[in-house]
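Accompanying notes for the structure given below.
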Amino acid sequence: MPSAAAEPLDTQHSIMDRDDRRRNKNIGKNFMCRLQCMFSHSSSSESRLSLEDTQQWSQSLERLLESKYGLATFRNFLKSEYSDENIEFWLTCEDYKKIKSSFRMSSRAKKIYEQFIKAESPKEINIDYHTREQIKRNVKSPSVHCFDDAQKIVYGLMERDSYPRFLRSDIYRTLLENLAADATKG
């Protein structure tokens, strides 16, 4: 059997491309399986991951985040890029807004500040100095709107940066390809 070095460069690239396509197809299948297992407590057809729903994720970031599968896929993508602090912050703020107890709100606001806002925090988000200082003041007497400005900034960053990269990613494209192939099989 000839060595890889003896084969022409085009052949080596074609073999590598074929292997990459095969690997991506398997990644997509495995990811689809994991997503459906994550949400398998309901087996109705409307709760299953569908090609139509997955295609709609490309319409807007809002549409993507409204879908339980879309959100899970986007979070996985961001984790794979080591840039999941923005979605984690945004989701944490969404949960924070649901808090009714002022004591719990105060406690939670401080945790959010320590985790995401404070300079050098473990999951520091990219916001300007003015917004950071405003939140620092807001946390002293927190309200439901304490993090609104930062949340808008983070949403804008995801919409302009992470979301377009996600739409071009192998994770999303392979998922679409696999769902399309499954749909044609019946």
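Can you confirm whether Val154 is touching a residue at least 12 places away in the same chain (Cβ under 8 Å) and more than 25 Å from Lys79 (Cβ to Cβ)? Here the answer is no, as Val154 does not meet what is asked. Can Asn138 be described as in contact (Cβ under 8 Å) with a residue 24 or more places away in the chain and touching a Cys at 6+ places or on another chain (Cβ under 7 Å)? Against the criterion (in contact (Cβ under 8 Å) with a residue 24 or more places away in the chain and touching a Cys at 6+ places or on another chain (Cβ under 7 Å)), Asn138 qualifies.
Select the helices (runs of 4 or more DSSP H) contained entirely in segment 68-186, then report the ones holding at least 3 residues which are modelled with pLDDT of 95 or more, farther than 24 Å from Leu51 by Cβ and open to solvent by less than 40 Å² (accessible area, probe 1.4 Å). Let's see the steps before the verdict.
Numbers: elements: 68-80, 85-96, 102-112, 129-138, 148-157, 163-168, 170-185.
Result: 85-96, 102-112, 129-138, 148-157.
Scanning segment 47-57 for residues that are surrounded by 15 or more Cβ atoms within 10 Å (Cβ to Cβ), in a helix (DSSP H, G or I) and in contact (Cβ under 8 Å) with a residue 12 or more places away in the chain, we see that the one that is farthest from the chain's Cα centre (by Cα) is Leu51. Hey, any hits in segment 68-79 for a residue that's small (Gly, Ala, Ser) and without any contact (Cβ under 8 Å) to a residue 40 or more places away in the chain? Looking for residues that are small (Gly, Ala, Ser) and without any contact (Cβ under 8 Å) to a residue 40 or more places away in the chain, one finds at least one in segment 68-79, hence yes.
The values are calculated or read from the model by the stated rules, or taken from the named source; none is laboratory data. All of these numbers come straight from a predicted model, not from anything done at the bench. As a convention, Cβ positions derive from the backbone with ideal geometry for all residues, glycine included, and neighbour counts pool all protein chains shown. Please note that ligands, DNA and RNA were not included when accessible areas were found on the heavy atoms of the full protein model with its side chains. Shrake-Rupley method; radii C 1.70, N 1.55, O 1.52, S 1.80 Å.
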